[in-house]
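None of the figures in this text is laboratory data; all of them are computed from the coordinates on show. A quick note: this is a predicted structure, and the numbers were derived from the prediction, not measured. Using ideal geometry, Cβ is built from the backbone for each residue, glycine included, and neighbour counts are taken over all protein chains shown.
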Amino acid sequence: MSVFTKAACAIVTPFKEDLSVNYDVFAQLIDFQIENGTDAIIVCGSTGEAATMTEQEHLDVCKFCIDYTKKRVPVIAGSGSNCTETAIHLSEELASYGADGLLVIHPYYNKATQKGLVKHFTMVAEASKGCPVILYNVPGRTGGNIAPETVAQLVKEVPNIVGIKEASGDIGQIVKLMTLTDGNIDLYSGNDDQVVPLMSMGGLGVISVVSNIAPKAMHDMCDKFLAGDVAGAAKIQRDTHDLFENLFSEVNPIPVKKAVSLLGFQAGPLRMPLTEMEEAHAEKLEASMRAFGLIQ
């Protein structure tokens with residue numbers, strides 16, 4: 001069984017002015033997502049600023065999300081690290097908290113060989129005690145690529161490695177991946193502007209940044225595609241493109257935290273080294289949100 005289908009929100013983590021986690025607002029954001037049709041929540045991913053959290057904060061934020069969501073939608077917790085032992089520890093803990101799945105990124109900075117990646121992901125998955133694992137391939141952030149051959153080997157050999165979030169942007173690589181696995185992998189787009197193309201190759205949906213502010217639109221895009229309304233899905237893909245461009249006018253999650261604040265939530269500041277959005281970019285973002293009908 002797939003952990004989820006359609007659109008999952010890679011949710012932001014709201015902070016107070018003193019940079020501690022604002023759990024009251026986090027609860028509001030979770031409720032907003034569920035009430036507006038999101039199909040799953042990804043907690044402590046790149047968009048959630050997990051890289052700036054202590055290990056204990058990371059665990060606490062994930063546990064809060066799992067407990068507060070109460071199985072209303074699946075919760076997939078980020079548990080990757082460039083250190084295999086750290087990734088194992090996070091995965092063991094988060095699986096024990098009741099996470100519905102784990103999102104495990106390619107180990108960043110270390111730039112492991114493909115042989116090393118097989119060992120890394122295998123050890124992490126085995127430590128997860130059967131909890132479903134979704135690999136996360138995002139070469140632009142990690143400096144390394146999970147080759148299609150590596151994914152195919154892992155899916156064949158490790159039962160609880162069930163999916164991949166593909167954010168390489170390389171459609172040819174994704175075609176090869178689906179060919180080598182004979183489509184027997186849960187494929188999710190990691191890029192909001194490539195959802196329909198990836199779903200045409202057998203993808204089940206998207207792990208989305210745009211869903212933070214437009215969860216219904218992202219859900220509807222995937223829902224229409226899976227229901228056979230490809231033209232309707234493609235129209236939403238086109239209609240959300242301006243939002244996407246402005247949400248990535250600066251490094252994610254700088255713009256999306258600004259966008260969440262524009263919706264009326266107290267998302268708070270960013271943790272360094274991320275800095276506040278440039279005024280000119282923020283004005284364009286606000287205009288695109290207004291044009292889409294998200295704000296007045």
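By the rule of a C-alpha distance below 15 Å, with chain neighbours fewer than 8 residues away ignored, the aspartates and glutamates paired with K63 are D24, E55, E92, E93, D100.
To make sure I understand, if each residue's beta carbon is the centre and we count other beta carbons within 10 Å, what order do Y109, Y136, Y68 fall in, fewest to most? Can you show the working numbers first?
Values: Y109 10, Y136 26, Y68 15.
Taking fewest neighbouring Cβ atoms as first place, the list is Y109, Y68, Y136.
Here the simple spin-label model places points 7 Å from the Cα toward Cβ, and for D24 and K284 these points are separated by 3.6 nm. A dipole drawn for the stretch 6-291 from +1 and -1 charges on Cβ atoms has a positive end, and of Y136, L285, Q266 the residue lying farthest that way is Y136. Here the sum of -39500 (n - 2.57) over DSSP H runs of 4 or more residues, divided by the residues of the chain, equals -13500 deg cm²/dmol at 222 nm, to the nearest 500. With K and R counted +1 and D and E -1, the other residues having a Cβ less than 15 Å from that of T142 yield a net charge of +1. When the label point is put 7 Å from the Cα of L226 along its Cα-to-beta-carbon vector, which residues of the stretch 52-82 have a backbone N closer than 19 Å? 71-77, by backbone N distance to the label point. The distance between label points at E157 and T113 comes to 1.3 nm (points 7 Å beyond Cα on the Cα→Cβ vector). The distance between label points at D170 and I295 comes to 3.8 nm (points 7 Å beyond Cα on the Cα→Cβ vector).
Distance from the Cα centroid of the stretch 170-197 to that of the stretch 250-282 is 30 Å (rounded to whole angstrom). About the centre of its Cα atoms, the chain shows a dipole size close to 560 debye [charges on the beta carbon of Lys, Arg (+1) and Asp, Glu (-1) only; nearest 20 debye]. Of the options [x] 145; [y] 117; [z] 127, only one is volume of the Cα convex hull per residue in Å³ as computed from these coordinates, and that is [y]. Net charge of the neighbourhood of A7, taken over other residues with C-beta under 12 Å away and scored Lys/Arg +1, Asp/Glu -1, is -1.
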